[in-house]
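The values are calculated or read from the model by the stated rules, or taken from the named source; none is laboratory data. If you're wondering where the values come from, they're calculated on a predicted model, not measured in any experiment. We place every Cβ from the backbone using ideal geometry, glycine too, and count neighbours over all the protein chains shown.
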Amino acid sequence: METAKLTGDVKDIALADKGKRRIEWANQHMPVLQLIRKRFIKEQPLKGMRVSACLHVTSETANLAITLRDGGADVVLCASNPLSTQDEVAASLLKDYNIPTYAIKGEDNATYYAHITAALDHAPHMTMDDGADLVTQLLTKRTELIKNVVGGTEETTTGVIRLRAMAKDGTLKFPVIAVNDALTKHFFDNRYGTGQSTLDGVIRATNLLLAGLRVVVAGYGWCGRGVAMRAKGHGADVIVTEINPTKAIEAVMDGFRVMPMSEAAKIGDVFITVTGNKSVIAHDHFEKMKDGAVVSNSGHFNVEIDIPSLEKLSSGKREVRPFVDEYIMKDGRKLYLLGDGRLINLTAAEGHPASVMDMSFANQALSAEYLVKNSKELKAQVYPVPEHLDQQIAKLKLESMGFQIDKLTPEQEHYLASWSEGT
Ligand SMILES: NC(=O)c1ccc[n+]([C@@H]2O[C@H](COP(=O)([O-])OP(=O)(O)OC[C@H]3O[C@@H](n4cnc5c(N)ncnc54)[C@H](O)[C@@H]3O)[C@@H](O)[C@H]2O)c1
């Protein structure tokens with residue numbers, strides 16, 4: 001099939017040199033992906049595959065795109081969020097690596113969707129998503145492309161939830177691998193990656209001293225655990241809000257105060273939502289917040305914060321620092337929203353560090369290879385990353401970190417496999 005000539009759309013191609021150095025720096029911290037890339041160069045498992053990837057355009061993603069390209073794929077990349085792009089990385093991908101890239105930090109919604117459309121013009125055999133926007137566009141607006149697709153992968157919790165809903169009502173038309181659900185992904189990326197980089201984003205945006213502040217973390221899932229743990233490490237008094245009783249007990253036993261948002265809203269200094277849900281901070285909460293409260297989100301979509309209500313309650317707003325908007329409430333209080341409520345770790349900081357994305361993107365690369373080999377046996381459903389690939393990534397990562405572990409002795413193997421032992 002003839003595909004359109006793709007030219008890419010980036011902010012400024014002159015930024016490429018800076019981007020290349022960032023990409024190379026990230027590569028040094030991605031040893032597992034490096035090993036996969038070496039093998040891909042030899043074996044060409046993705047030969048002839050057109051891949052459209054809609055991911056946060058960061059230096060780590062660049063290394064994934066290069067790995068796929070070196071494995072024989074014809075890759076096109078677009079942003080998975082209007083504010084998460086590293087413009088210099090996008091420029092370098094286009095100029096130095098010849099990978100058509102459609103991503104500009106701060107692009108408006110129309111441009112965001114135009115970029116997804118451009119990536120779909122590639123008529124992909126494989127999709128790679130972070131949040132399922134690309135697949136949603138393909139399945140609803142570009143149905144003529146479905147016949148080419150052998151499968152896709154999905155990077156994040158919110159995307160997996162959307163795809164499972166599509167599979168349930170029959171909308172999904174090809175298999176998708178839930179990379180997020182691999183243990184070597186969410187145990188580390190969501191917890192330690194989001195934990196560190198979210199705090200980094202809040203601090204870079206505000207330069208607040210977190211020690212002594214009340215930090216309210218909404219959601220105690222994989223990301224929330226990491227954010228709460230790191231906020232505690234900064235000396236903050238951390239409050240957790242939850243809707244799941246088990247997660248709430250876990251937060252209590254981890255040493256955090258737990259209360260409903262209606263209570264936390266009155267006392268919090270800094271709010272961070274990581275639930276994957278909507279309107280977690282809403283009209284009534286803004287009404288109760290203290291003067292000077294800072295509100296941010298690190299979940300996938302900015303609907304976690306009901307920004308239209310904040311707009312309605314305020315008489316005006318102004319930018320006081322990059323990524324910090326001051327809302328002047330009608331009663332005189334000032335509330336601060338960070339990064340338009342977009343994932344603050346990617347908006348105001350650099351997203352997850354490379355060493356954690358090493359495992360996430362090793363899962364992406366191996367899942368792409370798995371799809372090529374096995375797509376004929378797979379149905380239009382959401383599949384986990386096969387356990388042996390997850391284990392293989394863990395083993396390689398551990399080795400690269402210089403740690404060794406014990407092996408089961410034959411006696412132990414026998415003991416664990418037998419139900420009759422134990423007396
Ligand atoms: N910032 C990033 O770089 C990054 C990285 C990974 C995941 N994510 C996104 O972060 C979000 C959370 O991901 P996760 O892996 O932690 O998911 P998770 O399912 O492990 O955790 C979400 C938690 O939020 C809780 N929750 C739901 N609604 C709530 C509400 N109204 N109030 C309080 N708690 C509520 C749930 O009970 C659950 O414990 C998703 O949108 C995911 O896509 C962001």
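Just a few scattered comments:
- Within segment 180-194, considering residues that are over 12 Å from Met357 (Cα atoms) and more than 11 Å from the ligand (Cβ to nearest atom), the one surrounded by the fewest Cβ atoms within 10 Å (Cβ to Cβ): Leu183
- Candidate set: segment 196-224, residues that are away from the ligand (no atom under 11 Å from the Cβ) and touching a His at 6+ places or on another chain (Cβ under 9 Å); chosen: the one nearest to Ile249 (Cα to Cα): Val215
- Thr3 satisfies every condition listed in (1) in contact with a strand residue (DSSP E or B) (Cβ under 9 Å, 6 or more places away or on another chain); (2) at pLDDT 95 or above except (2).
- For segment 120-163, the tally of residues that are out of contact with any His (no Cβ under 7 Å at 6 or more places or on another chain) and closer than 20 Å to Lys379 by Cβ stands at 24.
- Scanning segment 140-185 for residues that are out of contact with any Ser or Thr (no Cβ under 6 Å at 6 or more places or on another chain), closer than 22 Å to Asn297 by Cβ and basic (Lys, Arg) turns up just one, Arg162.
- Any chance Tyr336 is touching an Asp or Glu at 6+ places or on another chain (Cβ under 7 Å), more than 14 Å from the ligand (Cβ to nearest atom) and either free of Cβ contacts under 8 Å to residues at least 60 places away in the same chain or aromatic (Phe, Trp, Tyr) (or both): yes
- Of the helices (runs of 4 or more DSSP H) lying entirely inside segment 72-157, the ones with 3 or more residues being over 16 Å from the mean Cα position of the chain (by Cα), touching a residue at least 24 places away in the same chain (Cβ under 8 Å) and farther than 30 Å from Lys18 by Cα are found at 133-141.
- In segment 306-331, the residues that are basic (Lys, Arg) form Cβ pairs under 6 Å with partners that are crowded, with 18+ Cβ neighbours inside 10 Å and at pLDDT 95 or above, at six or more places apart or across chains, as follows: Lys317/Asp325; Lys317/Tyr327.
- Selection within segment 341-393: residues that are more than 26 Å from Ala103 (Cα to Cα) and either of a type in the set (Lys, Arg) or modelled with pLDDT under 95 (or both). The member of this set that is farthest from the ligand (Cβ to nearest atom) is Lys376.
- In summary, Lys232 fulfils each of the numbered conditions (1) within 12 Å of the ligand (Cβ to nearest atom); (2) free of Cβ contacts under 8 Å to residues at least 40 places away in the same chain; (3) touching a Phe, Trp or Tyr at 6+ places or on another chain (Cβ under 8 Å); (4) more than 30 Å from Ser367 (Cα to Cα) with the single exception of condition (1).
- Hey, Leu210 more than 15 Å from the chain's Cα centre (by Cα), under 29 Å from Ala265 (Cα atoms) and assigned to a loop (DSSP other than H, G, I, E, B) or not: yes
- From the list Thr156, Thr143, Thr171, Thr136, the one residue that fits, being within 11 Å of the ligand (Cβ to nearest atom) and either closer than 25 Å to Ala349 by Cβ or surrounded by fewer than 24 Cβ atoms within 10 Å (Cβ to Cβ) (or both), is Thr156.
- Scanning segment 4-46 for residues that are loosely packed, with under 12 Cβ neighbours inside 10 Å and either of a type in the set (Ser, Thr, Tyr) or not in a helix (DSSP H, G or I) (or both) yields Ala4, Lys5, Thr7, Asp12.
- Any pair with Cβ under 7 angstrom, 6 or more apart, that starts in segment 380-408 at a residue that is closer than 18 Å to Gly151 by Cβ and ends at one that is surrounded by 10 or more Cβ atoms within 10 Å (Cβ to Cβ) and basic (Lys, Arg): Ala380/Lys173; Val382/Arg164
- Filtering segment 306-317 for residues that are within 10 Å of the ligand (Cβ to nearest atom) and touching a strand residue (DSSP E or B) at 6+ places or on another chain (Cβ under 9 Å) leaves an empty set.
- Across segment 316-345, the number of residues qualifying as more than 24 Å from Asn207 (Cβ to Cβ) and either touching a Phe, Trp or Tyr at 6+ places or on another chain (Cβ under 9 Å) or among the β-branched types (Val, Ile, Thr) (or both) comes to 0.
- Any hit, segment 345-355, residues being on the phi > 0 side of the Ramachandran plot, part of a loop (DSSP other than H, G, I, E, B) and in contact with a Leu (Cβ under 9 Å, 6 or more places away or on another chain): yes
- Residue among Val89, Val150 that alone is in contact with a helix residue (DSSP H, G or I) (Cβ under 9 Å, 6 or more places away or on another chain) and surrounded by 24 or more Cβ atoms within 10 Å (Cβ to Cβ): Val89
- So Gly48, is it under 23 Å from the mean Cα position of the chain (by Cα) and on the phi > 0 side of the Ramachandran plot: no
- Scanning segment 376-396 for residues that are in a helix (DSSP H, G or I) and touching a Phe, Trp or Tyr at 6+ places or on another chain (Cβ under 8 Å) yields a single hit, Leu389.
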